[in-house]
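The values are calculated or read from the model by the stated rules, or taken from the named source; none is laboratory data. Please read all numbers here as calculations on a predicted model, not as lab measurements. Neighbour counts run over all protein chains shown; Cβ positions are idealised from the backbone, glycine included.
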């Protein structure tokens, strides 16, 4: 299931953007360009919601309040799409080779 969270992008003095997702406590990241920031924001959302049942995900409350904010120059809001199924597949993917790695004999000695 897809979830949508508003994020605030603020220019970083060293270049790129700082990104905050106000509806998820402590959810922030940064990146060099907008594309990287969106990808990292999706990853940050996934990390913050790890172990939370999907039915208990925070309901976005700030989506309406963002329209009332007075953004600093160069700042803007963007909806971030978070797809739990896609996140899990990309984060927890394990290849067949990794599953069938031989255990070195030295590890088996006690």
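Data overview
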{"read-out": "Any chance residue 41 is part of a strand (DSSP E or B), in contact with a strand residue (DSSP E or B) (Cβ under 6 Å, 6 or more places away or on another chain) and surrounded by 15 or more Cβ atoms within 10 Å (Cβ to Cβ)", "value": "no"}
{"read-out": "Residue among 72, 77 that is touching a residue at least 60 places away in the same chain (Cβ under 8 Å) and in contact with a helix residue (DSSP H, G or I) (Cβ under 9 Å, 6 or more places away or on another chain)", "value": "77"}
{"read-out": "Hey, residue 48 at pLDDT 95 or above, closer than 24 Å to residue 88 by Cβ and out of contact with any strand residue (DSSP E or B) (no Cβ under 6 Å at 6 or more places or on another chain) or not", "value": "yes"}
{"read-out": "Meets criteria (part of a loop (DSSP other than H, G, I, E, B), out of contact with any helix residue (DSSP H, G or I) (no Cβ under 6 Å at 6 or more places or on another chain) and over 22 Å from residue 90 (Cβ atoms)) for residue 67", "value": "no"}
{"read-out": "Cβ pairs under 9 Å, 6+ apart, first in the stretch 11-23 and on the phi > 0 side of the Ramachandran plot and without any contact (Cβ under 8 Å) to a residue 40 or more places away in the chain, second outside any strand (DSSP E or B) and surrounded by 18 or more Cβ atoms within 10 Å (Cβ to Cβ)", "value": "16/37"}
{"read-out": "Qualifying residue in the stretch 87-108 (condition: modelled with pLDDT of 70 or more, closer than 30 Å to residue 13 by Cα and not in a helix (DSSP H, G or I))", "value": "no"}
